[in-house]
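The values are calculated or read from the model by the stated rules, or taken from the named source; none is laboratory data. Model, not experiment: these values are computed from the prediction. Neighbour counts run over all protein chains shown; Cβ positions are idealised from the backbone, glycine included.
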Amino acid sequence: MSRFFVSLAALGALAIGSAPPVFAQMGASSAAGVAVDAKGVLSHRTFEDPGARLTRQKIAAAKAALNQKVARQSPLRKVSLNRLEAAIDAEIAQGREPTADMKCLAGLTRIKYVFFYPDSGDIVLAGPAEGWFEDLSGRVRGIESGLPTCLLDHLVVALRAFAPGGDGPNVVGCSIDPTAEGLTRMQEFLRKVRPRSTADGPAIAGGLRDALGLQNVRVMGVDPDTHFAHIMIEADYRMKLIGIALERPPVPIKSYVERASAAQISANAMQRWYFTPDYQCLRVSDDRLAMEMVGDGVKLIGEDELVGAGGERKKNARANLASKAFVEDFTKRYPELAAKSPVFAQLRVLIDMLVAAAQIQQEDYYGKAKWKAATLMDEKKLPVRTLNAAKQAQTAANSLVKGGRLLTPVGGGVEIQPRQALASGNLLRDEGGKLGGKRNELTLKDLAAGQWWWD
């Protein structure tokens, strides 16, 4: 008799079916987002858009409303953080919020470079940019590429994590994990269950879901009530859904459960998968005045753990080849996935922002520029802690027929240690001084009063 392969994951944040960029596929029919209720329990919302009619209307409205200069595609748009803050101060002085251009960092979709100009004290971020619109789920995305737009809200969180004169956190990330009590109940359920046919699969998955109950959500290094934290949690959960075959990714990534066999893992094995940066992602000029983000910057790694009868965890030294193959494939396909699934592109941008913020702090650009970034650091002037913090999450379960019964609760999360990218052993050399030369090509002397971005 065939037995069951049952997989579970914490419901961290769900955005199943996020549409590929409408710009490439106007037949996209849905978008999705995340909600956290007043009790801190995560849920998901989906928005259907047959034929992408509403999305087309949103794009048309955005094109009509955007300043045509900022909406123009640019291979390398520059944003001065100092001048941006001064422009924000001018808006606040008039009793207004930052403008849409400011909130969307003039349409940047990646932070490719950080340049410092000692003479003027400007700290400049540079990268590709384009006009933007807000999709049905509220995600801000580029009109042409569909990539998520870099947001002032996210940048502020990163800069505050590595504030002037501070030390910064060792780790920024999140974790969604079962409780010890839930794991104990799960083991008790498994000892009692006796599947009779493949039709019992959904009932078994439901029973396991109920036994595990709510799982704990933990955020490290940044405030959990920020959109920055929500993006990390969403990316973590959707990766796990792909791993347990509950979400079909828009690129060919074979799930963990499709790869694994009952013979490979014991029934109490816990698969733990973590997003981390590719720490060899930073090139720095010899004079330390220019930094370039290299590559895609995101890796998925695995760690095998055993779950004891009492719910305690023990590291499993036995290699899991299915898990290893899954995380390697996920990492290899990450650039393709990020191009079609916006939350993974957003996670990549968050990592870029944290590494940039850590570099700015470590090189003391603040002190050298005699700039305290007072407004960007002030929650009263620029509030970013505006959402409910995620505290708990439901368990999601999947059941598949395999040659033997296998339980794989999924843990792990996002673990970013920005300073590792700045370690001397990880820094990439500026061969031939090309990076320093690119910095020297830029000029700020022709900027108009109040101008904070330029192409």
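Observations on the model:
- For region 253-366, the strands (runs of 3 or more DSSP E) that sit wholly inside it and include 3 or more residues that are out of contact with any Gly (no Cβ under 8 Å at 6 or more places or on another chain), at pLDDT below 90 and farther than 30 Å from residue 145 by Cβ are 298-307.
- Checklist (1) under 15 Å from the mean Cα position of the chain (by Cα); (2) part of a helix (DSSP H, G or I) applied to residue 210, failing item: (1)
Conditions (1) modelled with pLDDT under 95; (2) more than 28 Å from residue 368 (Cα to Cα), marked per residue:
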{"position": "63", "(1), (2)": "yes, yes"}
{"position": "73", "(1), (2)": "no, yes"}
{"position": "87", "(1), (2)": "no, no"}
{"position": "92", "(1), (2)": "no, no"}
{"position": "99", "(1), (2)": "no, yes"}
{"position": "104", "(1), (2)": "no, no"}
{"position": "114", "(1), (2)": "no, no"}
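- Candidates in region 377-414 are the residues that are among the charged types (D, E, K, R) and at pLDDT 90 or above; of these, the one that is nearest to residue 228 (Cα to Cα) is 385.
- Residue in region 195-205 that is in a strand (DSSP E or B), touching a Pro at 6+ places or on another chain (Cβ under 8 Å) and small (Gly, Ala, Ser) present: no
- Note on region 410-442: residues that are in contact with a strand residue (DSSP E or B) (Cβ under 7 Å, 6 or more places away or on another chain), buried (at least 16 other Cβ atoms within 10 Å of the Cβ), outside any helix (DSSP H, G or I) and not small (Gly, Ala, Ser) amount to 7.
- Unique residue being on the phi > 0 side of the Ramachandran plot and buried (at least 21 other Cβ atoms within 10 Å of the Cβ) when the list is 95, 51, 121, 107: 107
- Among all positions in region 67-77, there is at least one residue which is closer than 20 Å to residue 284 by Cα, of a type in the set (A, V, I, L, M), surrounded by fewer than 22 Cβ atoms within 10 Å (Cβ to Cβ) and in contact (Cβ under 8 Å) with a residue 12 or more places away in the chain.
- Reported count of residues in region 349-383, each being basic (Lys, Arg) and surrounded by 23 or more Cβ atoms within 10 Å (Cβ to Cβ), is 0.
- Test: residue in region 240-248 that is buried (at least 17 other Cβ atoms within 10 Å of the Cβ), assigned to a loop (DSSP other than H, G, I, E, B), within 21 Å of the chain's Cα centre (by Cα) and acidic (Asp, Glu): yes
- Of all residues making up region 168-194, the number that are within 15 Å of residue 394 (Cβ to Cβ) and outside any helix (DSSP H, G or I): 4
- Listed by position, the helices (runs of 4 or more DSSP H) contained in region 78-163 that have at least 2 residues being of a type in the set (Val, Ile, Thr) and over 21 Å from the mean Cα position of the chain (by Cα) are 81-93.
- Near pairs, Cβ below 6 angstrom, 6+ apart or cross-chain, from region 359-379 (within 27 Å of residue 279 (Cα to Cα)) to any residue that is modelled with pLDDT under 95 and exposed (fewer than 14 other Cβ atoms within 10 Å of the Cβ): none
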